[in-house]
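Novice: Before anything else, here's the structure in question.
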Amino acid sequence: MFGLHPERTSAASVTITNGSDWLDTASRPIQANSGNILKVGSTYYWYGEHAVSGKFDSVNVYTSTDLKNWTFSNAILTKDSATELASSKIERPKVIYNASTKQYVLWAHYENGTDYNLGRVAVATSSTPNGNFTYEGSFRPLDYESRDMTVFVDTDGTGYLVTASRKNGGANDTMAIFKMNASYTGVESFVGWQFENAYREAPAVVKKGNRYYLFTSQAAGWYPNQGAYATASSMTGTWSALTPYGNPSAFGSQIHDIATITGDSTTSYMYMGDRWNPLHLGEHKHIWLPLTLNDSNGTASLEWYKEWNIDAVTGTVTPPSLVNHAQGKTAAAISTASGSSASHVNDGNYQTSWAASSNTWPAWWQVDFGAPKTITEIDISWFMYKGSEGYYKYKIEISNDGINYSTLDRTSNTTYGFTTDAVHFTARYVRINMVNAVLWNNPGNWYTPTLHEVKMLGPATPDATNYSRFSSFNYPDRCERLTCTGFAVPRRPGPG
């Protein structure tokens, strides 16, 4: 759990845990959405926005030396900092440093408190990274609309604003890039349009060597969706075509920044995302994952890890030592649509998928390990349709003989796009039984049962525990260790 222990003066390898509620060193929820991380000396400053009932309350900053234990430092900008902030939306705040003026400059997306019709940026400045920032005002850059945005300082000191804008009549239809003025408090020129009519938002920029990576998400409201990136040898372009990364829901998140962690031994890159619950936007989660940038071919890749380790001093990232026992094993399904294959679900490629031959529910997909394997985590990448999303109600069924099955009931699921289940069983066959999909905007459900990828993770060697004596099973939240034939599940861990 983030922030469980007091902040240390020297870093060591720490565990990042995704999908849980993160607390600061005072055991309070970390309120820092859609921001960025800035390193000053040996201290990391994490900036982010806090909203109350959909309206701006503050931009907060937290400090850490190890990237795990975060101490609340200050509300650097609040609804009381200026008259026009009293009823407003301040989203995706980013803080950069201007070496010439020795000022820290905050940029954010600005809207009034009721809608998204203004399309402005807001700017504030401070002489310290965690001081009270002076609000400089809001504006449209060179009179262009600006919504989801980011800022980036190149190695030559040039600042850029990258933002979702309007070119051809639709809000967010095209991304725009601007060059900042020398003080980073405004823009001096329009660089160009990018991703015309692609409706991309949530930009994030990182540079590695001489290559620039621009990450974005689709414009799909509060629903998770397929992230993609483009590359260029200059911020002014020409940018490559968009290439997808991660799974079709970005593991149930939306990108807001890429943090560069420069250590004594290596430099690592960390994906920072927001996990929104469309049904309850207050149930926000932080998703941080190691991002791999390939020097030789200019590609980026992102994998899901429930837990992973990073050392802020060395910069070293250590993934968990679990094996995906499903990958490449024999797969089957209730039916298969033309051009589809059951094997696509466990081929290691998030962009392939299996689909049933009709939209009849329920439907199932199954893998045969060939021999019993111990599984501790099941990650499922579900079908998404960019805004008309259905969350799957499903069951996980396991067997050792392919005839008699025991069940983990997940028909209470309301999570879109990506689910991860903590389990503990040893079995040969695992079946994903798709009972139904619930569409918020179409109760008739026109979805066809579809899976992109199912990963079944566990230790490399089988668990020696004999579970055959157990005869009952329930969902892991309900007891310390509830089991069934061939299937045992521990209680989901609480804080810490």
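FYI, it's all coordinate maths here, none of it is from the lab. Here the structure is a predicted model, which is why all the values come from computation and not from measurement. Reconstructed Cβ throughout: ideal geometry from the backbone, glycine too, with neighbour counts over all protein chains shown.
Novice: For ASP115, ASP66, ASP257, what's the fewest-to-most ordering of other Cβ within 10 Å of each Cβ?
Specialist: Result, fewest neighbours first: ASP115, ASP66, ASP257.
Novice: Taking neighbour counts of Cβ atoms within 10 Å as a proxy for exposure, in what order, fewest first, do GLU307, GLU397 appear?
Specialist: Listed from fewest to most nearby Cβ atoms, that is GLU307, GLU397.
Novice: So if I take the centroid of the Cα atoms in segment 81-108 and the same for segment 321-375, what is the distance between those two points in Å?
Specialist: Using only Cα atoms to place each centre, the spacing works out to 47 Å.
Novice: For LYS208, which sequence-distant residues (separation of 5 or more, or a different chain) have an amide H within less than 5 Å of its own amide H, given hydrogens modelled in the peptide plane?
Specialist: The answer is TYR213.
Novice: Considering amide H positions built from the backbone, and no H for Pro or chain starts, which residues 5 or more places from GLU453, or on another chain, come under 5 Å of its amide H?
Specialist: SER381
Novice: So for the chain, what percent of the C-alpha to C-alpha distances run longer than 28 Å?
Specialist: 55
Novice: Pull up all non-local amide H partners of PHE251: gap of 5 or more, or a different chain, and H-to-H distance under 5 Å with H placed in the peptide plane.
Specialist: Close amide H contacts, sequence-distant or interchain: none at all.
Novice: Taking other Cβ within 10 Å of each residue's Cβ, how do GLU453, GLU111 sort, fewest first?
Specialist: In order of increasing Cβ crowding within 10 Å: GLU111, GLU453.
Novice: Which three extents, in angstrom, do the Cα atoms of segment 240-375 have along their principal axes, listed largest first?
Specialist: 52, 39, 35 Å, listed from the longest principal axis down.
Novice: Just how far, in whole angstrom, is segment 182-246 from segment 399-451 if you go by their alpha carbon centroids?
Specialist: Cα centroid of segment 399-451 versus Cα centroid of segment 182-246: 35 Å apart.
Novice: Just add up the charged neighbours of GLY348: K/R +1, D/E -1, any other residue whose Cβ is under 11 Å from the Cβ of GLY348.
Specialist: Around GLY348, the surrounding residues sum to -2.
Novice: When a/c is below 1.5 the answer is rounded, else prolate if a/b is larger than b/c, else oblate, so apply that to segment 31-159 with a ≥ b ≥ c taken from the square roots of the Cα gyration tensor eigenvalues.
Specialist: Verdict is oblate for segment 31-159.
Novice: State which entries of LYS208/LYS306; LYS306/LYS393; LYS68/LYS455 exceed 24 angstrom in Cα-Cα distance in the structure shown.
Specialist: Pairs exceeding the cut-off: LYS208/LYS306; LYS68/LYS455.
Novice: Can you find, among THR426, GLY54, ALA230, the residue farthest towards the positive end of the dipole of the chain? Put +1 on the C-beta of Lys and Arg, -1 on that of Asp and Glu.
Specialist: Farthest towards the positive pole: THR426.
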